[in-house]
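To start, the structure itself, in C-alpha cells.
The values are calculated or read from the model by the stated rules, or taken from the named source; none is laboratory data. The structure displayed is predicted, hence computed values, not measured ones. Methodologically, a virtual Cβ is constructed for each residue, glycine included, from the backbone with ideal geometry; neighbour enumeration extends over all protein chains shown. Side chains are part of the model used for accessible areas, which takes the heavy atoms of the whole protein and leaves out ligands, DNA and RNA. Shrake-Rupley method; radii C 1.70, N 1.55, O 1.52, S 1.80 Å.
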Amino acid sequence: MKPVRVVIVGGGFAAVQFAKTLRKKLSASECEILLFNRENHLVFHPLLADVAGASINPDAAAAPLRQMLPGVGCRTERVQRIDLRTSEIEFDDGTSTLSRLHYDHVVIACGAESNLGIIPGMTDHAFGFKVMRDAIDLRQHVVHQMEHAEAASDTDRRRWHLSFIIVGAGFSGVELAGEINELVRSSSRFYPNFRREDVVVTVVHSQAQILPEVAPPLREFARKKMEKAGITIMLNARAVAATHEGIELDNGRMLRGGTIACTIGTAPSPIIQELDVPKERGRIRTTADMQIEGHTNAWAIGDCAYIVNAFDNKPSPTTAQFAERQGRQAALNLVRVVKGEPTQPFRFKALGQLCSIGGYQAVAEMFGMRVSGFLAWFLWRGVYLFKLPTWSRRIKVALDWFWDFLFPRDLSFLNTDATQYLSRAYYRPGDFIHRQGEVARVFSVIEDGEVEILQATGESPEANIVGVLGKGDFFGEGALLGSRPHETSVRARTPVRLRQVGSALFSETAVNFPPFRELLSNAVIRRTGDLWRRLPLGKSILDRESLESLLEPLPADILSKSSTLADGIRALRENPSGELLILDEQQRLWGTLDRSDLFQIFARIAVTPPHQEENLMQHKLSEFVKENPLSVALNDSTAVAFATMLARGVTWLPVVQSEAEPRTVGTVRGERIANRVVQKIARTQADHTRAAS
Ligand SMILES: Cc1cc2nc3c(=O)[nH]c(=O)nc-3n(C[C@H](O)[C@H](O)[C@H](O)COP(=O)(O)OP(=O)(O)OC[C@H]3O[C@@H](n4cnc5c(N)ncnc54)[C@H](O)[C@@H]3O)c2cc1C
C-alpha cells in the first residue's frame, strides 16, 4: 500500500514535535513526512534575548531540522499557497514557476509574523524581535551604539546613543531589556568615555503591570529587581509613533533613544490570510482534536491555530510550551485517523512560567510553586538547557553560559557598510531630517508628507524657510554630488515618510545611470540656494511681500473626490486659468488638476489597457490624480512659494490657511509673483535714479 503523505508547513516548536511523534509512531512504509520551513533550522525563541545580549552565540539558538528529524523529508522552501479543495500545496523551489505537491494530510504550523506596522514609523526605525536575524541585527546595533557613544564629543548625542527603548513588557520585552541592560552596563568599563550611570534602558508598556502572564507577587519582584538594575519601566504608556530620534508616547512626550526594539504586534502569516476557513482574531479555528473546522485531512497547530484547551475550556495561549504539546497530541490524533480509531481532544495543564530579568535574576512559577531571584534564574537556565533539541546544542549553550559567567561579553561586531543601504524613515512634524553644516549621508525621496527647507546665511543667522518639498520630491543630492556639507536644513512640516539611499549606493547609481544623473543636475540647478544668491534684491522684495496680497481666490469650479474625468475636462474648458482644485468635504486639499495633468492622464490611459473606451469619461478623477499635492501656507513668505515652484518646475500652487488648519483658501501663480518682483525692482531703480539726480 502507498504510504500516507503528510505535509507539514512550518518548522517551529509545533511542527518539530509533530514530525518527531509521527515518525516514532508510523514507519516510513506507512507514512511519508515532508516538512517545509523557510529556514533550515528551528529558532529557539526563548533564547533570542540571550543572542541579542551577546551571552550566547546565534548558532546555539538555531537547531538544524535535518539533524533533529531523521526520517523526515526536510525542505527549505516557502509554501506560497495551500489548496484545501484539491489537497495540494504550492511552493517556491527557486525556479521561475511554483511547484505543486499533492498531500493526504496537511498540518499548518507556520506560527505568526511580527507586525511593526501597527505603530507609524516602527517598521522604519525599530527592530522587531521574532526571528534570528532580528536578534543578530540588534546585537550588532547595540555594540555599534556603544562605539558611537565612545566617539561622540557632544554629551547630548552620547546620551542618545546610550538610550535603549524596549516597547512591550511581556516575556520577550522583559528578557530583552534585562539582556541589553546587562550587556551595555557590564561593558562600560571597556569604554573610557562613558560610565554605567550614562546608560538608559527604558521599557514602555501600555498596561498597569509588566508580565501580565505571571502572578502579581512575581511581577512585583521582577519590576523591583529590574528597576534596581537601572531599567526604567514606564507603565500605562503607549508608543504612538517611532522616529529616528526615539518614540512618541500617547501623552505627547518624546522619549529619545538611538535604539528601539519593538516586542509587540503580530499578524497572521500571508498563507493563512488567504485561506478561506473559519478564523478567530486571524488564527485558524480548529475542532477539539485540532482538525481545521470543515476539513478531515487538514490540521492546524501552534501560534497560527485557535485551539480550545479541554483542560480549562479556554483558548490555548501562544507559547512554545503549548505549541509543543499540540504538535505531539495532533500527531497522535493523525495516527488514530490513519488506523480508523476515534481522535481525542487537546487537553493540557500548563507546567508553569519562567522569565529571566537580567543580572542573574529570574522569576518562575512551576508546578504551583513561585520562585524568584538567583535560584529562579538557575532553574530557568536548567530548564531551557534541558529543553534544547539536541545534546550538541545543550553542550554548546552550557559552554556559552559558563563562558559568560566567567568572562566579559563579546563586543566584536561585523561592520556592515551603511552607505550601501536602501532604507525607510519616518519623521514627525518639527523633526529635523538633517541640519545645515552636517555631513551628507543619504539621498532622500519623499514618499508621503511635506518638508520645509531652512537656511541660515551670514546676513540672517536665524534659519529662514526657503522652500517646501512634497510627495515625490527628493533632497540631499546637492551635498552628496558636491561632496560638501548640507547647505540647508530640512525639517518635517507634516508627518513624513522617506525612502533613503546610502551615500555610496547613491553615488554609484548617479555615476552609472545618465538619465538619473541628468535629473539630479537639473534639480541642483533649480534649487533655491543659488537662485537667491544671484537675485538678492528679488529675495528681499519677496520676503516682505505677503502671500495674501498675491492670493487668487478659490476657482468657481471646485472638484471633489467623486468627480469624473468628464467633470474635470468640462471644468478645465470653462476655467480660463486652467488650474483646478479637488477638495474634500472640509475644504481640505485632496488633489489638483491642470491642463498638463490632463495630457499625462491620457498618456497613462493609453498604456493601461483595462480602461474601456466607452465609459472612460465616467472614471473617477481620483483614480488618476496624485493624493496630497504640495501646497504652501498663508503664513509662508512669497519667496518660499516662488522658490518651491522653481524647485518643483510648476507654475502655480494651492494655498492653505496654515499647517495647523489645512483649509484651502486659494492659489498663487508664479507669473503674478514674477510680475510683482519686476515692478518693484523697476520702481526701486527709478527711486535710486531720482535720488541720484
Ligand atoms: C522573543 C520570543 C521569546 C519567547 N519566549 C518564550 C518563552 O520563554 N516561553 C514560551 O513558552 N514561549 C515563548 N515564546 C513564544 C514561542 O516562541 C511561540 O509560541 C512558539 O514559537 C510557537 O511555535 P510555532 O511552531 O507555532 O511557530 P514558530 O516557532 O514561530 O514556527 C513557525 C515556522 O514556520 C515557518 N513558516 C512560516 N510561514 C511559512 C511558509 N509559508 N512556508 C514555510 N515555512 C513557513 C517559519 O519560518 C517558522 O520557522 C517566545 C516568542 C518570542 C518571539
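Some values worked out for this structure:
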read-out: Loop-resident sites, the range 1-94, for trypsin sites (Lys or Arg not before Pro), counting at most 10 other Cβ within 10 Å (DSSP); value: Arg85
read-out: Shape call, the range 71-115: gyration tensor on alpha carbons, a/c limit 1.5; value: rounded
read-out: Inter-part distance where the range 1-35 and the range 183-198 are each reduced to a Cα centre, Å; value: 50
read-out: In degrees, nearest ten, helix 565-574 long axis to first principal axis of the chain (Cα); value: 10
read-out: Cleavage-rule hits (trypsin sites (Lys or Arg not before Pro)) in the range 242-301: DSSP loop, at most 15 neighbouring Cβ within 10 angstrom; value: Arg253, Arg281
read-out: Helix 216-228 vs. the chain, principal-axis angle (Cα, 0 to 90°, nearest 10); value: 60
read-out: Between helix 374-387 and the chain: long-axis angle, C-alpha atoms, 0 to 90°, nearest 10; value: 80
read-out: 5 angstrom amide H check on Ile56, placed H, neighbours 5+ away; value: Val51
read-out: Sulfur and carbon atoms: percent of accessible area, the range 545-590 [1.4 Å]; value: 48
read-out: Per-residue ³J(HN,Hα) for the range 436-449, Karplus 6.51 cos²θ - 1.76 cosθ + 1.60, θ = phi - 60°, Hz, x for Gly and Pro; value: 3, x, 6, 6, 7, 10, 9, 9, 10, 10, 7, 7, 7, x
read-out: Most to least packed among 300-308, 474-482, 630-638 [average Cβ atoms within 10 Å]; value: 300-308, 630-638, 474-482
read-out: C-alpha center-to-center spacing [the range 627-682, the range 438-481] in angstrom; value: 18
read-out: Per-residue HN-Hα couplings for the range 102-112 [Karplus 6.51, -1.76, 1.60; θ = phi - 60°; Hz; x = Gly/Pro]; value: 7, 10, 8, 9, 10, 10, 9, 9, 9, x, 10
read-out: Built amide H within the under 5 Å cut-off of Leu554, gap 5+; value: none
read-out: Whole-Hz couplings from phi, Karplus 6.51/-1.76/1.60, listed for the range 155-165; x for Gly and Pro; value: 4, 4, 5, 4, 4, 4, 5, 9, 9, 10, 10
read-out: Euclidean distance of C-alpha centroids, the range 318-347 and the range 381-398, integer Å; value: 25
read-out: Amide proton proximity set for Val107, modelled H, under 5 Å, gap of 5+; value: Val7, Ile8, Val9, Trp299
read-out: Heavy-atom accessible area per residue - the chain, 1.4 Å, Å²; value: 48
read-out: Local electrostatic count, Thr592, Cβ distance below 9 Å [Lys/Arg +1, Asp/Glu -1]; value: -2
read-out: Highest-first arrangement of 592-604, 642-654, where packing means the average Cβ count within 10 Å; value: 642-654, 592-604
read-out: Trypsin sites (Lys or Arg not before Pro) restricted to the range 110-211 and DSSP loop, no more than 13 other C-beta within 10 Å; value: Arg195
